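Comments concern the structure below.
Bear in mind these aren't lab numbers, they're just calculated from the coordinates by the rules spelled out. The model shown is predicted, which means the values in this text are computed figures rather than measured ones. Here the Cβ positions follow ideal geometry from the backbone for every residue, glycine too, while neighbour counts run over all protein chains shown.
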Amino acid sequence: MTVSMTHVVEEPKSPKDRKAVLEINNLKVYYATPTGNVRAVDNVSFKVYQGEIVGLVGESGCGKTTTAMAILRLVQPPGRIVGGEILLDGINLATLHGQGLRDVRWNRLALIPQGAMNSLNPVMRISKQIGDAIETHEGRQSGRQLKERILSLLTTVGLPSRVYNMYPHELSGGMKQRACIAMAIALNPSLIIADEPTSALDVVVQRVVGETLLDVKERLGVSMIIIGHDMGLMAQLVDRLAVMYAGRMVEISPVETVFEEPLHPYTQLLIESIPSIKERKPLKLTEGITHDLRNPPPGCIFQLRCPHVHEKCLAVDPPLLEVRPNHHVACHLYYE
Ligand SMILES: Nc1ncnc2c1ncn2[C@@H]1O[C@H](COP(=O)(O)OP(=O)(O)OP(=O)(O)O)[C@@H](O)[C@H]1O
Ligand SMILES: [Mg+2]
């Protein structure tokens with residue numbers, strides 16, 4: 001299992017040739033509780049390059065939504081960003097305040113929140129909701145131009161023009177989700193963060209919404225972070241996959257590489273647990289428990305569940321290192 005760091009493999013297409021739209025360095029977000037700080041995001045670093053989709057996966061409670069909220073500076077008390085940098089087009093969002101933060105947040109970043117389709121205003125037509133979003137940030141627009149822009153946004157997300165005059169309750173779940181995507185792209189952001197954009201939709205509609213996101217990326221060249229649990233959808237949608245475990249980033253690599261050869265033992269379990277109809281086998285459940293996020297053990301955070309745990313893992317926290325070209329992993333099995 002041990003692979004030397006000098007291992008030579010064919011160089012995959014490098015995302016590094018592109019500009020990093022987002023660069024996160026050593027981000028820490030803690031929730032203060034009476035019994036101590038919950039280290040929801042602990043020393044997380046990663047980049048999102050121009051025009052790529054990064055998928056963020058990991059079990060429930062590992063810190064995906066907290067990471068997204070930190071990027072938007074929307075972490076609510078008792079949560080707090082306690083360290084790190086969030087560079088969007090070179091500007092550190094972690095230290096911005098007031099109007100400067102508001103400008104960046106809405107003009108360069110867009111969020112499709114967890115359960116977005118339920119956040120549409122039920123008594124407002126879709127056209128008004130999208131139009132208000134545009135006018136709030138760009139000021140008053142001429143009626144005809146605004147209408148044309150909204151209709152063009154609806155076309156971009158594959159919705160018919162009749163949706164313009166409809167209310168949310170007249171739309172199916174998938175249509176509502178696509179209306180939320182239209183709102184997210186309305187202000188031409190550099191980065192869209194979509195938190196579980198397809199959960200609570202049936203599989204066919206999930207694929208349609210996935211295709212819509214892919215299409216938006218192709219047409220607008222926008223970068224995205226898509227948070228999700230569905231590994232099948234991730235395989236279809238994302239360029240790189242980032243795997244979190246207990247507040248840490250444990251692996252990040254081009255998606256095809258992760259599926260062919262996952263390196264971190266947690267990612268291996270995650271991929272082995274994808275059910276297959278061709279080869280039915282009992283679902284592989286990870287044994288052991290996740291440690292208390294208020295009190296991480298010394299050494300590796302996956303030690304309680306790892307089938308390969310050895311002495312070093314109990315003492316030394318493995319850093320996230322590039323052990324193959326474009327393939328980063330935080331595991332002692334891969335460095336000498
Ligand atoms: N207000 C809070 N107070 C204390 N702990 C919190 C609070 N909000 C979140 N947490 C903790 O922070 C951790 C990360 O939560 P987060 O919502 O980011 O997880 P997630 O990966 O998005 O999970 P899911 O897949 O279920 O959406 C969890 O362990 C959670 O219990
Ligand atoms: Mg979440």
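Quick look at the values:
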read-out	value
Single residue of the range 42-91 satisfying the filter (within 12 Å of ligand 2 (Cβ to nearest atom) and assigned to a strand (DSSP E or B)) that is surrounded by the most Cβ atoms within 10 Å (Cβ to Cβ)	Leu56
Unmet criterion (only one of (1) touching a residue at least 12 places away in the same chain (Cβ under 8 Å); (2) away from ligand 2 (no atom under 16 Å from the Cβ)) for Ala200	(2)
Subset of the range 244-269 [aromatic (Phe, Trp, Tyr), touching a helix residue (DSSP H, G or I) at 6+ places or on another chain (Cβ under 9 Å) and more than 16 Å from ligand 2 (Cβ to nearest atom)]	Phe259
Condition met for Gly51 (under 14 Å from Ile252 (Cβ atoms) and not aromatic (Phe, Trp, Tyr))	no
Residue match in the range 270-279 (condition: touching a residue at least 40 places away in the same chain (Cβ under 8 Å), within 30 Å of Gly158 (Cβ to Cβ), loosely packed, with under 15 Cβ neighbours inside 10 Å and hydrophobic (A, V, I, L, M, F, W, C))	yes
One residue from Ile225, Ile193, Ile181 being more than 13 Å from the chain's Cα centre (by Cα), surrounded by 23 or more Cβ atoms within 10 Å (Cβ to Cβ) and under 30 Å from Ser45 (Cβ atoms)	Ile181
Residue satisfying all of: in the range 73-100; within 13 Å of ligand 1 (Cβ to nearest atom) and more than 17 Å from Met244 (Cβ to Cβ); nearest to the chain's Cα centre (by Cα) among these	Leu74
Subset of the range 196-207 (residues that are crowded, with 18+ Cβ neighbours inside 10 Å and either within 20 Å of Gly51 (Cα to Cα) or of a type in the set (A, V, I, L, M, F, W, C) (or both))	Glu196, Pro197, Leu201
Unique match (being away from ligand 2 (no atom under 16 Å from the Cβ), touching a residue at least 12 places away in the same chain (Cβ under 8 Å), surrounded by 23 or more Cβ atoms within 10 Å (Cβ to Cβ) and in a strand (DSSP E or B)) among Leu213, Leu241	Leu241
Matching residues in the range 92-117 - criterion: being basic (Lys, Arg) and surrounded by fewer than 17 Cβ atoms within 10 Å (Cβ to Cβ)	Arg102
Within the range 30-48, considering residues that are of a type outside the set (Gly, Ala, Ser) and near ligand 1 (Cβ under 8 Å from one of its atoms), the one nearest to Val255 (Cα to Cα)	Val41
Flag for Ala94 being in contact with a Gly (Cβ under 8 Å, 6 or more places away or on another chain) and more than 14 Å from ligand 2 (Cβ to nearest atom)	yes
